[in-house]
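Here's the structure we're looking at; comments come further down.
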Amino acid sequence: MMGTSHAATGLLTGGVTGLLVTSDPVHGLVCGAVGAGAALLPDLDTPGSAVGRSLGWVTEWVAVGVQALSRAVYRGTSTPTERRRPQDGGHRFLTHTLPGCLAFGVLAALISLVPWGAALVVLAMSALGLATVTGAWTFVGTARLRKRVATVTAFVPAAATLLFATGSGPVFWLVGLVVFVGSLTHVLGDWLTPSGVPLAWPFGVRGKRWWMFHAPLTLHTGRSRVETGIAWASTAGLPVVLAVAATAPA
């Protein structure tokens, strides 16, 4: 899937996760912003990806490190069968596994335990999601301006996090849960493509630990009306579920 499609699906799943836990529309909106950014994290294994370029040199440097780690893990865990025809081990390997998604979530939860940590995670995830989505909005202005707009706007959900961080929800683990769900949403989105994802890692399948699973019916990234429909439905879906939550009897 394209970066904007991942962000859109993460927006919905993150928001729904927040509402299922707290039933507060404000929390749902914040969690949606976190989910949008978290749904891009698996593509940090590629410096040239949409999320790798989203915030300039910051995300590019992070992506270089994540890509190197992914390649190292691939070399260290590949089976003799896989070593006969070795692959790059960068894109769609370590960060596209269930343990990889769990690691993103645990890291976010740990950061959220320290003072202002939850707001920092919300700020970072919101900025990633917004920068990726607005990257295609050429009508806003230059690429640098769009990145600045995304970063400044991301302070809104971060500030909202500080308002309820002291007593109205399990903030640290909720943030970690939403980051995990958003990352997993990305992996399942790539499962819908012909290239697939290594869902079974670190367990072996037919002599391979990096066996790529894909859906019975797949779509081609950037050329599928189904992907476009999923993205638009996800984007429109969050306001709907927030409205339902706001009008639901207490």
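Before moving on, here are some points about what is shown:
- Of the peptides 5-15, 239-249, 46-56, 116-126, the ranking by mean beta-carbon count within 10 Å, highest at the top, reads 5-15, 116-126, 46-56, 239-249.
- Contour excess over end-to-end distance, with Cα ends at residue 195 and residue 228 and 0.36 nm allotted per residue: 10.0 nm
- Cβ-Cβ FRET estimate between residue 79 and residue 247, R0 fixed at 45 Å, reported to 0.05: 0.25
- Cα-based shape type of segment 26-116, given that a ≥ b ≥ c are square roots of the gyration tensor eigenvalues and the cut on a/c is 1.5: prolate
- Convex hull volume of the Cα atoms of segment 1-59, normalised per residue: 73 Å³.
- Anisotropy class of segment 198-250 from Cα gyration tensor, a/c 1.5 cut: oblate
Values in this text are rule-based calculations from the coordinates and carry no lab data. Predicted model only: the values in this text are computed from it and were never measured. We place every Cβ from the backbone using ideal geometry, glycine too, and count neighbours over all the protein chains shown.
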